[in-house]
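Trainee: Here it is, the structure in full.
The values are calculated or read from the model by the stated rules, or taken from the named source; none is laboratory data. Quick caveat, the model's predicted, so the values are computed rather than measured. Don't worry about glycine lacking a Cβ; one is built from the backbone with ideal geometry, like all the others, and counts go over all protein chains shown.
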Amino acid sequence: MSDPTPVVSRGLVKRYGELVAVDHVDLTVERGDVFGYLGPNGAGKTTSLRMLLGLIRPTAGSIRLFDRNPLVDGAKALAGVAGFVEGPTFYPYLSGRKNLRLLAAYDDGDSASRIDQVLEIVELRDRAKDRVGGYSHGMRQRLGIAAALLRDPKLLLLDEPTTGLDPAGMRDMRDLVRRLASEGITVLLSSHLLGEVEELCNRVAIIRKGRIVYEGSLRELLATAASGYRLRTADNERARALCLAQPGISGVASLEGTVSFQGDEEAVAALSIALGQARIGVTALVPETASLEELFLGLTEGETGDAEKAVA
Amino acid sequence: MIAAAGRVYEWELVKLLAQKRTYLGLVSAMLVPVVFVVVLLIQAGGPSQVPLGRYIRETGLATPFVVLFFMSIWGLPLITALVAGDIVAAESHNATLKTILTRSRERGEIFAGKVLAALTYTLVVVFAMGIVGLLAGSIAWGFHPLTSLSGTKVSAAHGFGLLLASLAVYSLALAGVAAFGLLLSTVTRNSAASVVGTLMFALLMQLLAVLPGTESIRPYLLGTQFEAWHGFLRTPADWAPVFRAFWVCALYLALPLIAAYLVFLRRDVAGD
């Protein structure tokens, strides 16, 4: 029997009166994915995550986490699931360690025995005795990861984990997420930072005004926008003539000291051999793809962000 | 379920012990009888118009009863409201509800832990006030037999038993205030509104209990139950107000708690 899928949502809807914050969202996060949930601020990412974690009730639709329904199974549906939405929060008058002990007491299993280990992972052991009220934003984010890791999760839901961090903090947080993913933890990462998603995720869903406008592999998304190649040689004129004569190559044009063209990978491979045989020195042959940012803006164009702003 | 709620209860107490407002209420409750005794020691006269007031200097046993009479009106309801009105709302204020609701405990278990913690605090405050009052009074005037409201003497040991029973019955009525505070705390998600609202509720209940024209409903008002412990101070004891306090307070306890539980169970946790 195959392992249950970490996250499956179908037709997920959340309405607040007239306002539709999440509109028929279908999500599937497979085991081992680092899944980027991407959208502008106010697109419905956090509301979706809240529904996944059972914090708010969907108006319609279904959610299954490892084949369990949070609405029916309650906290049991969160077995193996951890994370935070809208930033981790703690009791400011308790120390970091005491907060973790409290959360371990709210967990089943042996969370308490992992407190030292997770403090070590997030490099907070030296500050564990200090009150959380005195922690910096970055330390709270790291304590949030520690709190999640206490549960020895198979699925980690992180909502904007690098928001508010300085560049070094962002790098550390991304390294941590990458390391956790390499250890086999499935990660659902909500973010509006395209670079972050591009750096960490293998699959993405892009949400716009509460609706999913793309879900699938990041590589495929980027490939759909492949617009051609740029060629720079020692003799661009001869290279251009050769491109025009080469089967499978089209759209040949001279552009800014380069030759641009379209073609599939097979035709481009044949072209590179032909260039060699013609003794035309190639200094660069670069595929031209739209950046994730361009794709994102294309998919979310016209976003106003009103939906979730009103909810918040 | 019970073990899980027990763990939540244990940590709710840890949280209470880490907050200043907990000590503010507790220390106030213990300080009032001490101040009361000190004032009576340096001044002549006394609170002869209140139950046992005229015997205040005969025995230290009278002190906690007299202080309870004064504190029962708004002091203890305020202290109770400080914690009961805050215990759920503070989670909204700190946005920690989402933190604890995404662990392994069911909402019902978390709510039960909070209710138990709030009621424990209520009980501790009342008994702390009573015991400190007894100690302060006994140091000032000794631990002697007590003159009951019927004018008969009861032994000091018997008087001590009556004190414990009186504190317990008053705690029951105060638990009704705590339950209302928990309801407001759950519904409003705002500590200040819950604390003020709870105090207003307690005062309104007592006001209704003395207003003319409310005679028919008076036995069933929470304010009336605040004085049920007076029944213990008669010889023989008048059990009628005590028994009525049991079931009336049970209703004032159960109804708000059921309502709060249902709200807590179904509420959307967005931004808190």
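Trainee: Do you know which of the residues in region B:26-72 that are among the small types (Gly, Ala, Ser) and surrounded by 24 or more Cβ atoms within 10 Å (Cβ to Cβ) is farthest from B:Val126 (Cα to Cα)?
Mentor: B:Gly60
Trainee: Also, quick follow-up: Take the residues in region B:37-54 that are modelled with pLDDT under 90 and more than 16 Å from B:Phe65 (Cα to Cα), then tell me which one is nearest to the other protein chains (Cβ to nearest Cβ).
Mentor: That would be B:Gln43.
Trainee: I need the full set of residues from region A:127-168 which are buried (at least 17 other Cβ atoms within 10 Å of the Cβ) and in contact with a His (Cβ under 8 Å, 6 or more places away or on another chain), in order please.
Mentor: A:Glu160, A:Leu165 - these are the residues of region A:127-168 that are buried (at least 17 other Cβ atoms within 10 Å of the Cβ) and in contact with a His (Cβ under 8 Å, 6 or more places away or on another chain).
Trainee: Next question. When you look at A:Ser136, is it under 17 Å from A:Glu86 (Cα atoms) and free of Cβ contacts under 8 Å to residues at least 24 places away in the same chain, yes or no?
Mentor: When the stated conditions are applied, A:Ser136 passes them.
Trainee: Looking at A:Gly210, is it at pLDDT 90 or above, surrounded by 14 or more Cβ atoms within 10 Å (Cβ to Cβ) and of a type outside the set (A, V, I, L, M)?
Mentor: The answer is yes for A:Gly210.
Trainee: Continuing with this model, one more query. State which residue is farthest from A:Lys76 (Cα to Cα) when the search covers only region B:106-155 and only residues that are in contact with a Leu (Cβ under 6 Å, 6 or more places away or on another chain) and within 14 Å of another protein chain (Cβ to nearest Cβ).
Mentor: Residue satisfying both the conditions and the ranking: B:Ala117.
Trainee: So which of B:Gly159, B:Gly176 ends up being buried (at least 21 other Cβ atoms within 10 Å of the Cβ), out of contact with any helix residue (DSSP H, G or I) (no Cβ under 7 Å at 6 or more places or on another chain) and not hydroxyl-bearing (Ser, Thr, Tyr)?
Mentor: Testing whether each residue is buried (at least 21 other Cβ atoms within 10 Å of the Cβ), out of contact with any helix residue (DSSP H, G or I) (no Cβ under 7 Å at 6 or more places or on another chain) and not hydroxyl-bearing (Ser, Thr, Tyr) leaves just B:Gly159.
Trainee: Name the residue that is farthest from the other protein chains (Cβ to nearest Cβ), counting only residues in region A:9-52 that are surrounded by 24 or more Cβ atoms within 10 Å (Cβ to Cβ) and in a loop (DSSP other than H, G, I, E, B).
Mentor: A:Gly39
Per-residue answers, yes or no, for (1) part of a helix (DSSP H, G or I); (2) within 11 Å of another protein chain (Cβ to nearest Cβ); (3) free of Cβ contacts under 8 Å to residues at least 60 places away in the same chain:
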{"site": "A:Gly87", "(1), (2), (3)": "no, yes, no"}
{"site": "A:Asn99", "(1), (2), (3)": "yes, yes, yes"}
{"site": "A:Asp108", "(1), (2), (3)": "no, yes, yes"}
{"site": "A:Arg114", "(1), (2), (3)": "yes, no, yes"}
{"site": "A:Glu123", "(1), (2), (3)": "no, no, yes"}
{"site": "A:Asp126", "(1), (2), (3)": "yes, no, yes"}
{"site": "A:Gln141", "(1), (2), (3)": "yes, no, yes"}
{"site": "A:Arg151", "(1), (2), (3)": "no, yes, no"}
{"site": "A:Leu156", "(1), (2), (3)": "no, no, no"}
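Trainee: Filter region B:233-272 down to the residues that are of a type in the set (Phe, Trp, Tyr) and in contact (Cβ under 8 Å) with a residue 12 or more places away in the chain, then identify the one that is nearest to the other protein chains (Cβ to nearest Cβ).
Mentor: B:Phe264
Trainee: Return only the number of the condition from (1) crowded, with 24+ Cβ neighbours inside 10 Å; (2) within 14 Å of chain B (Cβ to nearest Cβ) that A:Leu71 does not satisfy.
Mentor: Among (1) crowded, with 24+ Cβ neighbours inside 10 Å; (2) within 14 Å of chain B (Cβ to nearest Cβ), the lone unmet condition for A:Leu71 is (1).
Trainee: A follow-up question, please. Among (1) in a loop (DSSP other than H, G, I, E, B); (2) out of contact with any helix residue (DSSP H, G or I) (no Cβ under 6 Å at 6 or more places or on another chain), where does A:Gly248 come up short?
Mentor: Only one criterion is unmet by A:Gly248, namely (2).
Condition check ((1) small (Gly, Ala, Ser); (2) modelled with pLDDT under 95; (3) touching a helix residue (DSSP H, G or I) at 6+ places or on another chain (Cβ under 9 Å)) across all residues:
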site	(1), (2), (3)
A:Glu123	no, yes, yes
A:Val132	no, no, yes
A:Gly138	yes, yes, yes
A:Ala146	yes, yes, yes
A:Arg151	no, yes, yes
A:Leu157	no, yes, yes
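Trainee: On to the next question. Name the residue that is farthest from B:Ile110 (Cα to Cα), counting only residues in region B:17-36 that are within 16 Å of the chain's Cα centre (by Cα) and within 11 Å of chain A (Cβ to nearest Cβ).
Mentor: Among them, the one singled out is B:Arg21.
Trainee: Can you work out which of the residues in region B:2-16 that are within 11 Å of another protein chain (Cβ to nearest Cβ) and within 19 Å of the chain's Cα centre (by Cα) is surrounded by the most Cβ atoms within 10 Å (Cβ to Cβ)?
Mentor: Ranking the candidates gives B:Glu12 first.
Trainee: Applying the selection to region A:53-68, what residues are surrounded by fewer than 22 Cβ atoms within 10 Å (Cβ to Cβ), more than 8 Å from chain B (Cβ to nearest Cβ) and part of a loop (DSSP other than H, G, I, E, B)?
Mentor: Those that are surrounded by fewer than 22 Cβ atoms within 10 Å (Cβ to Cβ), more than 8 Å from chain B (Cβ to nearest Cβ) and part of a loop (DSSP other than H, G, I, E, B): A:Thr59, A:Phe66, A:Asp67.
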